[in-house]
Amino acid sequence: MKKKILIVCANYYKDISNGLLTSALKSIPKVSKIKILIVPGVFEIPVTISKNLKKFDAFIALGCVIKGQTPHFDFISQASTNAIMNLSVVSKKPIGNGIITCLNSKQARARKNKGAEAADAILSVLSQK
C-alpha cells in the first residue's frame, strides 16, 4: 500500500533546507506519495503538520535554527521540538524531526544528511506491525 508522506520544509536558510530536503527525498522509496510544503521558518512547521494530520500517513519536518545573539534560538528550538513530539504522540503518526539546531552555518551545512535520518525514522515506524 502506498504511504502518503508530507514534508514540511522551512526555507529561512534556503541552501541548508535544500540540502535537508534532497537527502530526505533520496531515502524515501519511490512507492510513496510525497507532497512538499514550504513554510517561512521552523515555527510554522507544527501548525502546517497539524492542518494536514488527516490527509497523510507520516510527516517530515525540515529546517534549521542557527544560534544568534539573543535567546530566540532557545525558544524556537524548544517550542518546535515540543510541538512536533506532541503532535506525533497525540495523532499516533510518525513525524521525523529533521530540524537542525546549530551554533553556526558551518555546523548546519555539515548536517545536511539529517533529512535522510528523519526520513529513515518515519519509514521505520511506518513498517512496525
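The values are calculated or read from the model by the stated rules, or taken from the named source; none is laboratory data. What you are looking at is a predicted structure, and each value in this text was computed from that prediction instead of being measured. Backbone-built Cβ (ideal geometry, glycine too); neighbour counts: all protein chains shown.
Structure data summary
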read-out: Candidates Lys112, Lys93, Lys106, Lys35 - the one that is without any contact (Cβ under 8 Å) to a residue 60 or more places away in the chain and either assigned to a loop (DSSP other than H, G, I, E, B) or in contact with a His (Cβ under 7 Å, 6 or more places away or on another chain) (or both); value: Lys93
read-out: Any hit, the stretch 94-103, residues being buried (at least 21 other Cβ atoms within 10 Å of the Cβ), of a type in the set (Gly, Ala, Ser) and at pLDDT 95 or above; value: yes
read-out: Checklist (1) surrounded by 22 or more Cβ atoms within 10 Å (Cβ to Cβ); (2) not in a strand (DSSP E or B) applied to Cys9, failing item; value: (2)
read-out: Within the stretch 27-46, considering residues that are more than 15 Å from Gly96 (Cα to Cα) and over 12 Å from the mean Cα position of the chain (by Cα), the one modelled with the lowest pLDDT; value: Val31
read-out: Every residue from the stretch 22-47 that is aliphatic (A, V, I, L, M), out of contact with any Cys (no Cβ under 9 Å at 6 or more places or on another chain) and either surrounded by 14 or more Cβ atoms within 10 Å (Cβ to Cβ) or within 18 Å of Lys4 (Cα to Cα) (or both); value: Leu25, Ile28, Val31, Ile34
read-out: Selected residue (only one of Leu87, Leu53 is at pLDDT 95 or above and part of a loop (DSSP other than H, G, I, E, B)); value: Leu53
